[in-house]
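Here is the structure we will look at.
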There are 2 protein chains.
Amino acid sequence: MNAKEKTPETVPPDHAAVQWVSASLDSQHPADMADELEKLSLEEQLEYIREMDVEDASESITEMERHDRNALMSELPSEFAAEILQAMSPDDAADILKDLDTDVRSRIFRRLEREDAAEISDLLQFDPDSAGGVMNTEILALDQSMNARQAIALIRDRVEESEIPYYAYVVDGYRHLMGVLSLRDLLLSPGRMMLKDLLREQNLICVPFDADKEEVARLISRYNFLALPVVDHEQRLLGTVTVDDVIDIIQAGASEDMQSMVGAGADETVDSPWTYSLRMRLPWLILNVLNSAVSAFVVHLFEGTIAQMAILAALMPIVANQAGNTGQQSLAVMIRQLAMERFDRKKSWGAVLREGKIGLANGCIVGTLVFLGLLAWTHNTGLAAVMALALWADMIIGAVAGASIPLILKELGRDPAQASSIFLTTLTDSIGFFTFLGLAAVWLF
Amino acid sequence: MNAKEKTPETVPPDHAAVQWVSASLDSQHPADMADELEKLSLEEQLEYIREMDVEDASESITEMERHDRNALMSELPSEFAAEILQAMSPDDAADILKDLDTDVRSRIFRRLEREDAAEISDLLQFDPDSAGGVMNTEILALDQSMNARQAIALIRDRVEESEIPYYAYVVDGYRHLMGVLSLRDLLLSPGRMMLKDLLREQNLICVPFDADKEEVARLISRYNFLALPVVDHEQRLLGTVTVDDVIDIIQAGASEDMQSMVGAGADETVDSPWTYSLRMRLPWLILNVLNSAVSAFVVHLFEGTIAQMAILAALMPIVANQAGNTGQQSLAVMIRQLAMERFDRKKSWGAVLREGKIGLANGCIVGTLVFLGLLAWTHNTGLAAVMALALWADMIIGAVAGASIPLILKELGRDPAQASSIFLTTLTDSIGFFTFLGLAAVWLF
């Protein structure tokens, strides 16, 4: 998506926060058009799209929800689909093509004009999770031998056909990125000064095309930039990632973390087909059963003890639950940390210690309360002590495990959130049951 | 924070993604300076800050982590603290003051110059979670009777002392917001045309000061704006929320959802003092014990059954766990939905149905697998059937409850995420234990 200085000009149809609605809704915003389209059946969508002009159609389709968009693009005549893609910025076109089935994709691809096809196919080479996979390629590159006045004139000339750029990128004759200037930098400079000379003293921040897109988001968010240039390994300028893309990356990352943590699909929404969600979640639920079987086996070992003292069966879920909750608190804080800050090994493992300390202290307090409560209820000091001790130990383990699991997954090169909550529960359940029932078997009989 | 067309000019010190680092690091970025400061002891910080010029000090302090910043600001001499606040944009100054203890705040406040004090104290009136609480007040308002050429000249004149604005806000003589123009709109217009006439046909989007800040974030993200104007109930222009603030709002919202869901503090990070985290989490852990006591009581009712058939104690956690996991998947998808889209009651309750369907189907599949597994292991058809049935029922309940809890909390006017995972577990545990042990008691004896 390309948001270069778009002016707020449309209104979401029925929004409480919006106070002032002009009478005319002729020029609807693409995001609103997309919403309207999604409410229609596929047949109606097709009819509707064919009546729109290509520009509007391409903007609306860009904003549509993925599953709806794929269905629509697959049904459009190839010729028209190609026209729509050509009207988009190449990175949006590549994103859409990437999602389509191979045969649909090549069918549409053949209809693209050669130049567009080449550009899109270049973009398709990049890993979608990398800077290259999310960058915009329509940027303003200025030769470093130009002077400030010429640069300003060039920007003014381009105003007719394109937005005013956030930044002008200064390159040498081989398109090596030499520096970045804002319009303000240019306006404040002596008109005859060469761009090259304006760049003195500048510390340039840019990312290679294979940098992780979430890393790009962190940099833009950390430094409050509007865009960040993307270069190849020879420092040649390839494109930029803009702040509106970063918002999408951050939102998608937050959904991914929260959902994959419990084994839901990373990109599921309430608009995804329910069968898609079913497919995404089922494998993790099956893994969860197998994991639960481990803790069930632990309990199974103590069936003799339980048969003699059935209250243990009532109390054991408290231990497991409490340690699980403690661990999830650590897990949540740690996953958010990894999402927002660049990974720093030393700091991260230091944070595990911090979580251990919190778990220990919370374990003491909660353990004591449970001890007193259980003593008052059962008048069985031994049982209350076993319960408190097991709770305390399992809460410390939960806290440390909750904080470590994402780090271990990260060190293994995997997604730090994926199924982390499921692994955590297996651990806190089995260890909690074992400690509690084990201590009970040894002390209470 | 104010990010109007900042130019990337500095480099994070040791970053892998950054390829090209200029030799000089003299002009460090405030975010990096803040990191450096946070590594020092409070005494060292104080020493360091006093040696910086006020401009640098104020930028670095703005970027510091909250707890560190509060400690530092409280220890600085009031005179110097006031100077630092005056060098910030008023909204940042207000944010920082808000966090300080009352006595420190009034001590510093007395040292502010009258005009700054008035502006900051106005900002302090706004709810920090509202548009007014996050807006910037340093904006360019142009009178509607100005013509395009005059407007451009004015912007050029201001370039010396301030950044080029994202948008120019057109107001009437009473500062009522009439419309928004981009620099491009101005450059493309006939120079003699009055701004008033350029606004024809425009649909303006703005928010009242009391709109929820997350709603502002959703609007900016949806329409790819760089800023959104904030007005009072008479449509008078008060300020704007910019895209860099929106990134912070989105990140903070994602942390808040993920962490408060399991009862950790909404604004905890690995940098928060561990005692702060302890205080934030303990009440929810205690609530969790009380909730677990409910499900323990359910098991307690069936102690007789368990004493006769202790394998039930081993299997019951599988039922609870599985339903809990199913519910958490629904919960995660629903909380993300509420975070990303404006709340639509009909759509949301429709999504609950969708989750119920997924839970039903997953329950059938997992139930069948568990039935077969348990049959193979125990050769007890009755037990396997009871287990499968309880699992299936509890998974449906988990899915529906997981999807409903955030909606119910929302309808009650509360945070949809807060402790939702804890409530969910109580429900899936108690109902799971009751269904499983109840069916077992009726059928197997």
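Bear in mind these aren't lab numbers, they're just calculated from the coordinates by the rules spelled out. Just so you know, these numbers come straight off a predicted model, no measurement behind them. Positions of Cβ are generated from backbone atoms using ideal geometry, with glycine treated the same way; all protein chains shown enter the neighbour counts.
Out of everything in the range A:156-209 that is hydroxyl-bearing (Ser, Thr, Tyr) and surrounded by fewer than 18 Cβ atoms within 10 Å (Cβ to Cβ), what residue ends up being farthest from A:Ser145 (Cα to Cα)?
Restricting to residues being hydroxyl-bearing (Ser, Thr, Tyr) and surrounded by fewer than 18 Cβ atoms within 10 Å (Cβ to Cβ), the top hit is A:Ser162.
Taking the range A:265-301 as the region of interest, how many residues are in contact with a Phe, Trp or Tyr (Cβ under 8 Å, 6 or more places away or on another chain) and under 30 Å from B:Asn224 (Cβ atoms)?
The number of residues fulfilling the criteria is 2.
Run A:Gly413 past the list (1) part of a helix (DSSP H, G or I); (2) of a type outside the set (A, V, I, L, M, F, W, C); (3) surrounded by fewer than 16 Cβ atoms within 10 Å (Cβ to Cβ) and report the number of the one that doesn't hold.
Exception for A:Gly413: condition (1).
Can you name every one of the helices (runs of 4 or more DSSP H) wholly within the range B:173-230 that holds 3 or more residues which are facing another protein chain (nearest Cβ under 7 Å) and free of Cβ contacts under 8 Å to residues at least 12 places away in the same chain?
Qualifying helices (runs of 4 or more DSSP H): none found.
Only residues that are without any contact (Cβ under 8 Å) to a residue 24 or more places away in the chain and touching a Ser or Thr at 6+ places or on another chain (Cβ under 8 Å): list them for the range A:391-445, please.
Of everything in the range A:391-445, just one residue is without any contact (Cβ under 8 Å) to a residue 24 or more places away in the chain and touching a Ser or Thr at 6+ places or on another chain (Cβ under 8 Å), namely A:Leu409.
Mind checking which residues of the range A:237-264 are at the interface with another protein chain (Cβ under 7 Å from one of its Cβ atoms), out of contact with any Phe, Trp or Tyr (no Cβ under 7 Å at 6 or more places or on another chain), touching a residue at least 60 places away in the same chain (Cβ under 8 Å) and not in a helix (DSSP H, G or I)?
Answer for the range A:237-264, where residues must be at the interface with another protein chain (Cβ under 7 Å from one of its Cβ atoms), out of contact with any Phe, Trp or Tyr (no Cβ under 7 Å at 6 or more places or on another chain), touching a residue at least 60 places away in the same chain (Cβ under 8 Å) and not in a helix (DSSP H, G or I): just A:Val262.
Please specify each residue of the range A:309-324 satisfying the condition of being surrounded by fewer than 24 Cβ atoms within 10 Å (Cβ to Cβ) and either more than 8 Å from chain B (Cβ to nearest Cβ) or touching a Gly at 6+ places or on another chain (Cβ under 8 Å) (or both).
A:Met309, A:Ala310
Of the residues B:Leu331, B:Leu369, B:Leu375, B:Leu353, which is of a type outside the set (D, E, K, R), free of Cβ contacts under 8 Å to residues at least 12 places away in the same chain, assigned to a helix (DSSP H, G or I) and closer than 30 Å to B:Arg222 by Cβ?
B:Leu353
Those residues that are in contact with a Phe, Trp or Tyr (Cβ under 9 Å, 6 or more places away or on another chain) and either surrounded by 24 or more Cβ atoms within 10 Å (Cβ to Cβ) or more than 9 Å from every other protein chain (Cβ to nearest Cβ) (or both), I need them from the range B:325-358; list them, please.
The answer is B:Asn325, B:Gln329, B:Glu355, B:Ile358.
Within the range B:265-275, identify whether any single residue is part of a helix (DSSP H, G or I) and free of Cβ contacts under 8 Å to residues at least 24 places away in the same chain, and answer yes or no.
Yes, the range B:265-275 has at least one match.
Give the residues of the range A:138-153 that are charged (D, E, K, R) and in a loop (DSSP other than H, G, I, E, B), sorted by residue number.
Selection gives A:Glu138 alone.
Any idea how many residues of the range B:294-303 are surrounded by fewer than 20 Cβ atoms within 10 Å (Cβ to Cβ) and more than 7 Å from chain A (Cβ to nearest Cβ)?
Qualifying residue count, the range B:294-303: 3.
Kindly evaluate B:Ser145 against the criterion of being hydroxyl-bearing (Ser, Thr, Tyr) and out of contact with any helix residue (DSSP H, G or I) (no Cβ under 7 Å at 6 or more places or on another chain).
Answer is no for this residue.
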